[in-house]
Amino acid sequence: MDHVPDGVELRHLRGFLAVADELSFTHAAAALRIGQPALTRTVRALEDALATRLLERTTRRVELTEAGSRLRDELAPLLSRIDGVLRTAGSEPPLLRLGFTSLLPQACAELVPVFKAATGAGVRLVRRDEPLAGLASGACDVAVVRGDVPSGAPVRTRVLLREPRIAVVARGAAELAGRRVVDWSELADLPLVVNTVTGTTRPELWPADRRPRLACTADNLDEWLEAVAAGHGVGIAPEPVARRHTHPSLRCVRLKNAPPVTVRLAIPARDAHPLAERYVEQSRQFSDGSSG
């Protein structure tokens, strides 16, 4: 493309990236705090300007076309850099946006004042219920990602730490009744509640010949907690996350031999914000991992 097509505006690009990240017009509109019809018109206007289909829509799901995938991968780091330029164009000090999902790890909380003192930059915490905590849509400059990074995501990562897993069950439920500790292998016989967006535990973690049954899924942490509290099945989460988000109808059960959850810092593979690069580099003194 030799020039920017007439009529393309930043709001069109931001709207498209939000839908590409969420794969849902409903969730993307909520994240952008606009109405779904307005977001639909915005994305269609971009498609019309580019004369190409970016998204395949059905009544049940939204998927990226090949052109849409390419545009998403190119746009996310560029818009992040534009946001950084706009933030520093005035008299305000530079700002790093640190994205996370359910809970900011203690290591990151300890790193923030060290980073601010070393750079003079501010740090804004951005929570997003998205697989990359807002990095793919340009909502943050560096993201804390628990569990596996989405396949094919155009990011660079560094392992920060590893967290133990813990089981969460409804009080009074038959599953694990009276148990305070359970072996990971025993969970293969129990129904599992899975957070499919930011969760870290799925049936595939167990051997193929003996896996837990998928009881139901949730799109965010709050739905996941309520599904477990309702007795649909057992939930598995990083221990710091489960213990921070308490619920009167839930109790935690310690796990033996459970694989730990890897926590990573992620930045765009291309055109990462300089402050994001600095943050990841400084994280070495607080981490137990390596680049990935």
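What follows is calculated from the coordinates using simple rules that are stated; it is not laboratory data. What you see is a predicted model; the values in this text were computed from it and never measured. Neighbour counts are summed over all protein chains in view; Cβ atoms, including those assigned to glycine, are modelled from backbone coordinates with ideal geometry.
Please find, in a Gaussian network model of the chain (springs between Cα atoms separated by less than 10 Å), the residue of ARG264, ARG11, ARG158 whose mean-square fluctuation is greatest.
Highest fluctuation among the options: ARG11.
Determine the dipole magnitude for the chain: charges of +1 sit on the beta-carbon of Lys and Arg, -1 on that of Asp and Glu, nothing else is charged, the reference point is the Cα centre, and the result goes in debye to the nearest 20.
Working: 39 positive and 35 negative charges, 161 e Å.
So the dipole magnitude of the chain works out to roughly 780 debye.
Over what distance in Å are the Cα centres of the stretch 118-154 and the stretch 11-36 separated?
After rounding, the separation between the Cα centres reads 17 Å.
Check which residues have an amide H placed less than 5 Å from THR65's amide H, if you skip close sequence neighbours.
HN-HN under 5 Å from THR65: LEU55, GLU56.
Taking 8 Å as the Cα distance limit and 6 or more residues as the minimum spacing, I'd like the relative contact order of the chain as a percentage. Walk me through the numbers on the way to the answer.
Details: 539 pairs, mean separation 60.9, N = 292.
The normalised contact order for the chain reaches 21 percent.
Under 10 Å, Cα contacts only: if you run a Gaussian network model on the chain, which one of THR101, THR58, THR26 comes out with the highest mean-square fluctuation?
Largest GNM mean-square fluctuation: THR58.
With the dipole of the chain worked out from charges on the C-beta (+1 for Lys and Arg, -1 for Asp and Glu) around the Cα centre, which of PRO238, VAL169, GLY99 lies farthest toward the positive end?
My answer, from the dipole projection, is VAL169.
Could you check which residue among LEU17, LEU46, LEU96 shows the biggest mean-square fluctuation in a GNM of the chain with a 10 Å Cα cutoff?
Maximum fluctuation in the GNM of the chain, among the listed residues, is at LEU46.
With runs of 4+ DSSP H residues as the only contributors, calculate the mean residue ellipticity of the chain at 222 nm using -39,500 (n - 2.57) per run, divided by the residue total and rounded to the nearest 500. Write out the running numbers ahead of the final one.
Details: 8 runs with 97 residues, N = 292.
-10500 deg cm²/dmol, from helical runs alone.
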